[in-house]
1. Tell me, which residue of the range A:12-31 that is open to solvent by less than 30 Å² (accessible area, probe 1.4 Å) and farther than 26 Å from B:TYR40 by Cα is farthest from the other protein chains (Cβ to nearest Cβ)?
2. If B:ARG80 meets every condition in (1) away from chain A (no Cβ under 11 Å); (2) touching a strand residue (DSSP E or B) at 6+ places or on another chain (Cβ under 6 Å); (3) surrounded by fewer than 16 Cβ atoms within 10 Å (Cβ to Cβ) apart from one, which number is that one?
3. Every residue in the range B:266-306 that is more than 23 Å from B:TYR9 (Cα to Cα), in a strand (DSSP E or B) and open to solvent by less than 10 Å² (accessible area, probe 1.4 Å), please.
4. Looking for whichever is open to solvent by 20 Å² or more (accessible area, probe 1.4 Å) and either under 23 Å from A:THR303 (Cβ atoms) or touching a His at 6+ places or on another chain (Cβ under 9 Å) (or both) here; the options are A:VAL467, A:VAL517. Which one fits?
5. Being open to solvent by less than 10 Å² (accessible area, probe 1.4 Å), assigned to a helix (DSSP H, G or I) and of a type in the set (Phe, Trp, Tyr) is the filter here; which residues of the range B:92-122 pass it?
6. For the range B:114-151, which residues satisfy the criterion of being charged (D, E, K, R), in contact (Cβ under 8 Å) with a residue 40 or more places away in the chain and under 22 Å from B:ILE58 (Cα atoms)?
7. Quick check on my filter: what residues within the range A:417-433 are more than 14 Å from A:ASP388 (Cβ to Cβ) and of a type outside the set (Gly, Ala, Ser)?
8. From the list B:TYR243, B:TYR235, exactly one residue is closer than 24 Å to B:ARG80 by Cβ, open to solvent by less than 50 Å² (accessible area, probe 1.4 Å) and at pLDDT 80 or above. Which is it?
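The values are calculated or read from the model by the stated rules, or taken from the named source; none is laboratory data. In this text, all values refer to a predicted model and were calculated from it rather than measured experimentally. We place every Cβ from the backbone using ideal geometry, glycine too, and count neighbours over all the protein chains shown. To get the accessible areas, we keep the full protein, side chains included, count just its heavy atoms, and leave off ligands, DNA and RNA. Shrake-Rupley method; radii C 1.70, N 1.55, O 1.52, S 1.80 Å.
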Amino acid sequence: MARVRIKQLPITEKTLFSSLVNRNQTEIQDYSFIKDYTNLMKVSINDKKKIKDLTKQLSEGLQLPSEEVHEELSQAKTELQDLYKKLSQRDDYCKDFKAKLEKAEAKEKEYRVRIQELEESCEEEQKKYQMIILTLNEIVDKLDRTNEQYNVVAAEKDKLKQDVKSLQSDNALLFKKVVHLQDEVVSHYNEQSQGKCTCGQEETKESEESRELTKIEKIAEEFGKVVESTTHDEDYSNTFSYSIPSFASHKKDLDSCEVSAVAYNNRGTVIATGSAHGTLKLWDPFHGGEIKILKNFSSAVCTLSFSTDNQFLAACYVDRTIRVWKTNNWKLYNSFHGHSDLINCSTYSHTDDALVTGSADRKIKLWDLNRGICTKSYSGYSSCQDIDSLAYGSLMASGHQDGTVKFWTPNQKDYIEQIEPHGDPITSVCFTQDGRYLLTTSMDHTIKLIDVRQFEEISEFEHENYVNGNKTSRASIAPSGDYAVVGSKNGDVIILKLNTDEIQLEEIYRGEHSNCVNICQWQPNGGTFTTADMKGSFIIWQ
Amino acid sequence: MEEDIAPNYEIRRKNFQGTLPVQIRLDYSEIYIDKELPTYYIMQPRMSYFFLLIPQLIEFYSELLEGKGISNDEYWFSCRGEPLRFDLPIGVLYDTFIRENSSHDNLPFKICLHYHKFPTYSLQKGMSKYIFQQSLKESSMMRVGKATAVQDRLEHVRSMLNSIKEGKYDDFWRYNEEIGEHSLSQLKYFPVRIVINRHYHPYMLKEEKDSIKGNAFVIQRPVKVDATDICIGEYLAKTLSKYFFIQTEVIVDEDNIEEEKQNEVEVVERSIKGTEVIVNGLDIDLDTSLTWLIMNLSAQDNFLYITVRVPSESIE
């Protein structure tokens, strides 16, 4: 099978030529008259033109006597016309030139005026510039002076710090001496009481004793405050136990729904828990037994708090009502509402003797639980996430969604100080018992310790295991003020050691919670703490 | 091969000398007059353009048109109710619109002159001066790859147009030798234009077809200069696949039946019966060599105009 493309040339050149000739002939054949016609048309059109010209010439020629005169006249006319034309052209040119000149002069005037204005403005600006340079120089001088002063002050500060350190060391030494001397005095008295019969040496001993006593009195006068404070510290530390809870003693389930609130009463004898189903339960923290189930409301519990005199338990619900229970017979005592949005947090203020609630409607309100009346209302400028008040003081701190921590006193209408330690929303704030420091947690997964007296951030804690999983997660500080407990998203419970300089990781308890730890709450006596997670299990640690 | 393709000068002369009788009349609807309008007859070369006639016609109808302030750009021609393109020569227009089945019954070429309502949807106003020069430039661009030969000789182009109008072959080719004559090694493409008597586009929708009336539609597709020589049928099958297609046929040689040799042969077929292929008023067989046609029958602007007449009764 061969594929062939046939290419014939059916028209040879001869046939093409003949067909072209044929075409030309046939197309013209019947219409040869058209050529004659066109020729005739040309002739006729030419004739018409000639006739027109002749008639024109005739009409002009009839008015004149003879051809010579006519020619002369026409020549003269043309010359005259040319002259007139030239004259008119010159006139036009002159006019144009004059107009141009006038325009140019006007422009010149404008430009001169402008130049003057510009010069004046230039001078003014130069003056201004000089003034600015002078003021700048003054400012620079001032800066130099202030810098020098600052350096001097800084040097003085360093000196003072060194003095303070040396004084502290002296103080410690002296205190040791005082204690030593006290021991000596005691032993001396004992010796004296043992040997009353030995009278000969009495006088000398008494004299020695009096000398020592005067010494002690002098030292005591000088450093009396120090001595007092140390004794106070000892008393303070005796009320709390220092051991950290280390194992999960009781593990409970709350209907497999989120434990949204946990609260201890002031003596630490009852734990109240509130769940997302709305059940309030009371537990024994030492044996883990269920004491009572309070009435079940359909809406979820937001927060719980006991009053400091242990008379009332206040519970805030998602439907924005606050319900108050009396603790002596566990009956519903009062119910009221005033917030227009979710109540995120609550605490009991000791000094005001009132319940403090913070809400997502950006308001912080104080409630008299006896009467069920809102006594005060502050504007928090942003949704309030957590609030805490000093146990024995008038200061309150609130953490907000815009990342600020605001401090309040009962006498002022507005906040007294505002700081912004975290960039992200703050989830919990917690005072230490002595009111010196404030612990804040935030959605940026860091924990910060704030000095309340200076309103400054002291230290920061960050760990790979600590992830803040919830906007309502709460941290808690032990009443001794040395430790804090926080919960992480992966179920870890983290114990932190709080020093004045830094926050250190003390312990991580794993494996008890399987999901995000929501709330940590330390017992007011310090023996135990509880943690609760999102899936309803809550654990008492001992 | 070059010897075969070299042009025949006699054929070229005869091709140039072809003339058509033309009958021109003013549009009745545009003039209010009691008398019968005079008709204008003229023999016009096939290579000439219609816009060259306008000054003569204004002179002829000077009684009617004088004092109306009509510029030369306002005039346009129509044939059977459709406006005629200015850029096509008269012979090509005649082939596409009037000529039917190689008969000469429809002669003279009857045309209507208008000066009202210029059809801007199909014609461009005021471009008639530049048409010849433009198409010369296009063709030389395709042939050699540059149009400087035309751009440098614009005065020559003007005199070429005059000689076309008056049918002077020698005057025309004196100038055209510099522009249009090239050896085969210099050439890159052969300029070819196909003119169809209806609107055609390979991707056109049906709704568009209805809206556009059948004006002469030009497809411009140059042919590459190669050693392979194609015939006109193959070229048409490539460009107008709607109307032409290639079919393979098996032919048995009757002389060598014993050897049983079979040959496959490609033949170009028309998809609609009665479609005519015309070049300069001649019916052309589809097997003719395209380069040979280009050499001998190219028009005054060095394009080869192939007119394809699809019969109007055919249903698409």
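1. Here the answer is A:LEU16.
2. (2)
3. Correct list: B:VAL277 only.
4. On the way: A:VAL517 fails: open to solvent by 20 Å² or more (accessible area, probe 1.4 Å).
One residue alone meets the criteria, A:VAL467.
5. Scanning the range B:92-122 gives a single hit, B:TYR94.
6. Initial filter on the range B:114-151 (charged (D, E, K, R)): B:117, B:125, B:129, B:137-138, B:143, B:146.
Okay, now just the ones that are also in contact (Cβ under 8 Å) with a residue 40 or more places away in the chain, so B:125, B:138, B:143.
Of everything in the range B:114-151, just one residue is charged (D, E, K, R), in contact (Cβ under 8 Å) with a residue 40 or more places away in the chain and under 22 Å from B:ILE58 (Cα atoms), namely B:LYS125.
7. A:GLU417, A:GLN418, A:ILE419, A:GLU420, A:PRO421, A:HIS422, A:ASP424, A:PRO425
8. On the way: B:TYR235 fails: closer than 24 Å to B:ARG80 by Cβ.
Unique residue meeting the criteria: B:TYR243.
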